[in-house]
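K.L.:
Mind looking over this structure? Questions follow.
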Amino acid sequence: MVPSRQSHGLWWGLIGVAAFSFTVPFTKAAVGGLLPLFIGSGRAVVAAVLAAFALALTRQRLPRGAQWARLAVVAAGVVVGFPLLTSFALTTTPASHGAVVIALLPAATATAAVLRGRERPPLAFWLITGVGALAAIGFASLQSGGFGQLHWEDVLFLGAVVAAAIGYAEGGLLARELGAWQTVSWALLLASPLMVLLAAVSVAQQPPTGTPVQWAAFAYLGVISMFLGFFAWYRGLAIGPMAQVSQIQLIQPVLSICWAGLLLGETLTWTTVIGGLAVILCAGAAVRVRLRPAPAQPAVSHATKHLEPAKD
């Protein structure tokens, strides 16, 4: 039976992944009329305003000492790195292709969690994680027409994966000390001066003029992808184990490609259903390996106790 605490971590992680699964398609929709620099920085500014209100209304204590440096790592990964890199990459790349490289995120997050959090998943976990990553990449590649040669957009996506994995792992640990929503809120505030500056530069270059749909997509990115989604995601990672909860992300490319097909009209075929099921099964298998309780130690019988030599 799945322990209650671990089960809660998985459910919170699933809620966060469901929220994040709209990020790539909505970013693709927004870059149709808004500059990628404005999208990547502006959504962080929107989220930072919400974070400031939340922290002020609840009168949260300031982080202390080394926590600020760790918050800077979180901010660099998930507030600055991932949003900006994916926004620029998606200007010329279909949303479904973006899921090809982002499918590496679960394995990258698990690796970062092991290195940073000193977790020690069994070998079977790593084998299934590798199979899951290959299944996710293969599924997304077929769906987007093939991985093909490595282009600069793919390099940007790879950078986004590394940035997010580090930010997720550090944020998951920090959430155990500061709280889930507090961690992302402080990270947003810490990065806000830079993001305000970048947004101002973007507006000076070209005043944003998007359609209502593009502005709605931008609003989702700022309120959900950049703020509320992290409430659930960091809470799931904090409950952990992080290496285990990170495998829920395997279903993110499946969901993202489904949303890209439904909302953006990108190709959606039977391979989506078949490949998606394979990826989800891999995610479930990885979770089950990590959830299996350790074998119970054999109890020492009453008779055996009496056979032990007496101690002085």
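K.L.:
Out of everything in segment 174-189 that is surrounded by fewer than 21 Cβ atoms within 10 Å (Cβ to Cβ) and assigned to a helix (DSSP H, G or I), what residue ends up being modelled with the highest pLDDT? If you could, list the steps in order and put the result at the bottom.
P.N.:
Step one: list which residues in segment 174-189 are surrounded by fewer than 21 Cβ atoms within 10 Å (Cβ to Cβ), which gives 176-177, 179, 189.
Subset that is assigned to a helix (DSSP H, G or I): 176-177, 189.
Values: R176: 88, E177: 90, L189: 95.
In this case the residue turns out to be L189.
K.L.:
Collect the residues in segment 202-220 that are under 20 Å from A47 (Cβ atoms) and among the hydrophobic types (A, V, I, L, M, F, W, C), keeping them in residue-number order. I'd like the intermediate steps shown before the answer.
P.N.:
First, pick out the residues of segment 202-220 that are under 20 Å from A47 (Cβ atoms): 202-203, 208, 210, 214-220.
If the condition is that a residue be under 20 Å from A47 (Cβ atoms) and among the hydrophobic types (A, V, I, L, M, F, W, C), then V203, W215, A216, A217, F218, A219 are the ones that fit.
K.L.:
Being surrounded by fewer than 24 Cβ atoms within 10 Å (Cβ to Cβ) and in contact with a Phe, Trp or Tyr (Cβ under 8 Å, 6 or more places away or on another chain) is the filter here; which residues of segment 207-224 pass it?
P.N.:
P208, G210, Y220, I224, listed by residue number.
K.L.:
Report every pair of residues separated by at least 6 positions or lying on different chains whose Cβ atoms are under 8 Å apart, first residue within segment 90-106 and surrounded by 24 or more Cβ atoms within 10 Å (Cβ to Cβ), second at pLDDT 75 or above and not in a helix (DSSP H, G or I).
P.N.:
Within 8 Å, the pairs are L90/V31; G98/L90.
K.L.:
Tally up the residues in segment 171-207 that are among the hydrophobic types (A, V, I, L, M, F, W, C) and more than 27 Å from T109 (Cα to Cα), please. Break it down stepwise before answering.
P.N.:
Of all residues in segment 171-207, those among the hydrophobic types (A, V, I, L, M, F, W, C) come to 173-175, 178, 180-181, 184, 186-191, 194-201, 203-204.
The next check asks that each one be more than 27 Å from T109 (Cα to Cα); those that pass are 196-201, 203-204.
Count: 8.
The values are calculated or read from the model by the stated rules, or taken from the named source; none is laboratory data. Predicted model, so just to flag it, every value in this text is computed and none were measured. All Cβ positions, even for glycine, are placed from backbone atoms using ideal geometry, and neighbour counts span all protein chains on display.
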